[in-house]
Amino acid sequence: MALLVSLTDTDIQPWVEVFESELSNMDIRIYPDVGDASEIEYVAAWQHPFGEYKKYSNLKAILSLGAGVDHITKDPELPSDVPIVRMADDSLTNDMCLYALHWVLHFHSDYYRYVKQQVKKQWLPQDFVAPRNRTIGIMGLGNIGKQIAESLARQGFYVVGWGANEKPATRNIEYFYGKEQMSAFLNKSEILINVLPLTEATTNLVTECELCQLPKGAFVINMGRGSIINENDLLSLLNNSHISAAVLDVFDVEPLPVDDPLWSHPNVTITPHIAGQSDGKTAAMFMVENIRRIENGEPPFPLYDVSRGY
């Protein structure tokens, strides 16, 4: 029985230490040193090369480093009967909450203006706006989106949420759902945060039509998936100043090509898909616990649902 660790762009040492300590009865292998492929029963994966999963004939589960699993499901040769377990480690969720709070404050408190003013050596305080008078719109109120929304509400912001389906009422968050309520949601969102998963339904969900429904001067923070917000349409609305600025952590193509105009736009800040980073030790333990569940005949959690696309 073997666990294959294949975590691209990640310091794997903390992960391996946990796996070796907690899974003493399991052979821990580090890709590309696969050994006998038939012995691989689990893969701890982030950007594992396409075409490899089909080689592991006794694979019981793929354990994703990220909450999103499109880095796995886009493999055209992915075996259809292998469960995919998403990452739901508290440290990753907390990191995403901090990322959202940082950039909300960057826009809400005019820090983005002060950066530009410093270049011009301008001493020009901006008008104060109380958090209760600033509306933050969260697209996607799953586990991560809900915690981001609640953390911003605790800071005093007025928070609204949108999702595809109806959800139980939340005390501090006004909720909209479905295409018929999207306009009302967007009209309120002075700072729009996308944390939706990428599915067939969410691909190219936010185009020029939707972006135009944001209040003039709105801000966009995309920390979900790049293909949800149309990048060309976003650039167009940045250029005509309907949208004041954007922070983008995810893109249609990653890494973002060097000739992409987003790199040089004066009102765009780019981060390299780091909005939710996992703590190697706690995230590895999350995977260990799911392996133990599977070995004990229990279902892992959270399990990727093919019908929902996440």
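The values are calculated or read from the model by the stated rules, or taken from the named source; none is laboratory data. Treat the numbers as computed from the prediction; the structure is a model and nothing was measured. Because the Cβ atoms are built from the backbone with ideal geometry, glycine has one as well, and the counts that use them run over all protein chains shown. Remember, those area values only see protein heavy atoms, side chains included, never the ligands or the DNA or RNA. Shrake-Rupley method; radii C 1.70, N 1.55, O 1.52, S 1.80 Å.
Restrict the check to the stretch 56-66 and report whether at least one residue is in contact with a Phe, Trp or Tyr (Cβ under 8 Å, 6 or more places away or on another chain), farther than 30 Å from Gly137 by Cβ, surrounded by 15 or more Cβ atoms within 10 Å (Cβ to Cβ) and among the charged types (D, E, K, R).
Yes, the stretch 56-66 contains at least one residue that is in contact with a Phe, Trp or Tyr (Cβ under 8 Å, 6 or more places away or on another chain), farther than 30 Å from Gly137 by Cβ, surrounded by 15 or more Cβ atoms within 10 Å (Cβ to Cβ) and among the charged types (D, E, K, R).
Going by the structure shown, is Leu248 closer than 19 Å to Gly137 by Cα and under 19 Å from the mean Cα position of the chain (by Cα)? Before you say what the answer is, go through the steps one by one.
Numbers: closer than 19 Å to Gly137 by Cα: yes; under 19 Å from the mean Cα position of the chain (by Cα): yes.
When the stated conditions are applied, Leu248 passes them.
When you check Glu190 against the structure, is it touching a Pro at 6+ places or on another chain (Cβ under 8 Å) and at pLDDT 95 or above, yes or no?
When the stated conditions are applied, Glu190 passes them.
For Val268, indicate whether it is under 20 Å from the mean Cα position of the chain (by Cα), without any contact (Cβ under 8 Å) to a residue 40 or more places away in the chain and buried (at least 16 other Cβ atoms within 10 Å of the Cβ).
So Val268 passes the test.
A quick yes/no check of all residues on (1) closer than 20 Å to Gly224 by Cα; (2) at pLDDT 95 or above; (3) surrounded by 15 or more Cβ atoms within 10 Å (Cβ to Cβ):
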position	(1), (2), (3)
Ala88	yes, no, yes
Trp103	yes, yes, yes
Asp110	no, yes, yes
Val115	no, yes, no
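Would you check if Ala164 is more than 19 Å from Ile191 (Cβ to Cβ) and hydrophobic (A, V, I, L, M, F, W, C)? Even if it seems obvious, please write down each step before you answer.
Details: more than 19 Å from Ile191 (Cβ to Cβ): yes; hydrophobic (A, V, I, L, M, F, W, C): yes.
So Ala164 fits the description; yes.
Could you tell me whether the stretch 176-193 includes any residue that is touching a strand residue (DSSP E or B) at 6+ places or on another chain (Cβ under 8 Å), acidic (Asp, Glu) and under 29 Å from Trp263 (Cβ atoms)?
Yes, there is a match, as at least one residue in the stretch 176-193 is touching a strand residue (DSSP E or B) at 6+ places or on another chain (Cβ under 8 Å), acidic (Asp, Glu) and under 29 Å from Trp263 (Cβ atoms).
Which of the numbered conditions does Thr93 fail, given that it passes all the others? Conditions: (1) within 14 Å of the chain's Cα centre (by Cα); (2) at pLDDT 95 or above.
(2)
In the list Leu152, Leu101, Leu63, Leu105, which residue meets the criterion of being farther than 20 Å from Val247 by Cα and aliphatic (A, V, I, L, M)?
Leu63
Quick check, is Lys179 free of Cβ contacts under 8 Å to residues at least 12 places away in the same chain and on the phi > 0 side of the Ramachandran plot?
Spelling it out, it is not the case that Lys179 is free of Cβ contacts under 8 Å to residues at least 12 places away in the same chain and on the phi > 0 side of the Ramachandran plot.
In the stretch 118-145, what count of residues is obtained for those that are modelled with pLDDT of 95 or more, within 19 Å of the chain's Cα centre (by Cα) and not small (Gly, Ala, Ser)?
3
Please go through (1) at pLDDT 95 or above; (2) within 17 Å of the chain's Cα centre (by Cα) for Arg154 and return the number of the only condition it doesn't satisfy.
Looking at each condition in turn, Arg154 falls short on (2).
Of the numbered conditions (1) within 18 Å of the chain's Cα centre (by Cα); (2) not in a helix (DSSP H, G or I), Ala283 fails exactly one; give the number of that condition.
For Ala283, the exception is condition (2).
List pairs: first in the stretch 18-39 and in a loop (DSSP other than H, G, I, E, B), second of a type outside the set (A, V, I, L, M), Cβ under 6 Å, 6+ apart or cross-chain?
Tyr31/Ser6; Gly35/Arg29
Looking only at helices (runs of 4 or more DSSP H) that fall completely inside the stretch 146-264, which ones have 1 or more residues that are open to solvent by 40 Å² or more (accessible area, probe 1.4 Å) and small (Gly, Ala, Ser)? First the steps, then the outcome.
Values: elements: 182-188, 208-211, 231-239.
In the stretch 146-264, the matching helices (runs of 4 or more DSSP H) lie at 182-188, 231-239.
Just name the residue that is farthest from Asn222 (Cα to Cα) out of those in the stretch 116-145 that are basic (Lys, Arg) and in a loop (DSSP other than H, G, I, E, B).
Checking each candidate, the answer is Lys121.
For (1) hydroxyl-bearing (Ser, Thr, Tyr); (2) loosely packed, with under 13 Cβ neighbours inside 10 Å, each residue gets a yes or a no:
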{"position": "Ser6", "(1), (2)": "yes, no"}
{"position": "Gln13", "(1), (2)": "no, yes"}
{"position": "Val16", "(1), (2)": "no, no"}
{"position": "Leu23", "(1), (2)": "no, no"}
{"position": "Asp27", "(1), (2)": "no, no"}
{"position": "Tyr31", "(1), (2)": "yes, no"}
{"position": "Tyr42", "(1), (2)": "yes, no"}
{"position": "Tyr53", "(1), (2)": "yes, no"}
